[in-house]
């Protein structure tokens, strides 16, 4: 990790890397941290925390640009890589939505909810509100399991079915709900759970 942050950290790269690993445990958790969490782990070094967040944001923008250039497909490795980057490293469950046009063209994507280490509650009002605001015809949901297991829980299945019925009733299709666990991604549509 020290080599990765050396361009931002300079002479304190070894110390900063050690602090980040001790605090977060993994590089993925460090990269998913907020600027405040990073600054705390770096013992108040806000400049380095801001630099790490800026690098992460730049990388994320590059991945998003790749995804947005063509119709979005849950089987596209670039889309899966993007989702893994966004949510796989989080220590808490995060629900993410990708909003699509009628032809599955990318419109936007954003985090809809942040939960605990074992669950996330969908804010259905926010989800539908954003879909209407954006004129979306389809949605792909994704959430992570910090446990590293990509297997959908009973609650995941029930929530997904509720969202699918709700979106269908207002003319928006829930195309899939992906569970990201470590390096694995499970499609609830492919499993026949939607």
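Here, each number is a calculation from the coordinates, and none is a lab measurement. As the structure is a prediction and not an experimental result, all values here were calculated from the model. Note that we place each Cβ from the backbone using ideal geometry, even for glycine, and neighbour counts take in every protein chain shown.
Determine, at each q value in 0.22, 0.28, 0.31 (inverse angstroms), the log₁₀ of I(q)/I(0) that the Debye formula gives when each Cα of region 151-194 is one equal point scatterer. Scattering profile of region 151-194, log10 relative to I(0): -0.70, -0.99, -1.12. Legend: translational diffusion of region 2-61 by Stokes-Einstein, Rh = Kirkwood radius over C-alpha pairs, 20 °C, 1.002 mPa s; D = 193 µm²/s. Angle of helix 46-68 to the longest C-alpha principal axis of the chain, folded into 0 to 90 degrees and rounded to 10: 30°. Where a ≥ b ≥ c are the square roots of the eigenvalues of the C-alpha gyration tensor, would you call region 30-110 rounded, which needs a/c under 1.5, or, failing that, prolate if a/b is larger than b/c, or oblate? Note, shape of region 30-110 comes out prolate.
Where does each of 185, 87 land when they are ranked from fewest to most other beta-carbon atoms within 10 angstrom?
In increasing order of surrounding Cβ atoms, one gets 185, 87.
Normalising the Debye intensity of region 71-187 to I(0), with uniform scatterers on Cα atoms only, and taking log10 at q = 0.20 Å⁻¹ returns -1.07.
So if we plug the beta-carbon distance of residue 170 and residue 147 into 1/(1 + (r/R0)^6) with R0 = 41 Å, what FRET efficiency do we get, rounded to 0.05? So the FRET efficiency works out to roughly 0.80. If you average the C-alpha positions of region 141-194 and of region 63-105 separately, how far apart do those two centres end up, in angstrom? Value for the Cα centre distance between the two parts: 14 Å.
Fewest-first ordering of 157, 112 by other beta carbons within 10 Å of each residue's beta carbon gives 157, 112. With N counted as the residues of region 96-146, its alpha-carbon radius of gyration over 2.2 N^0.38 Å works out to 1.17.
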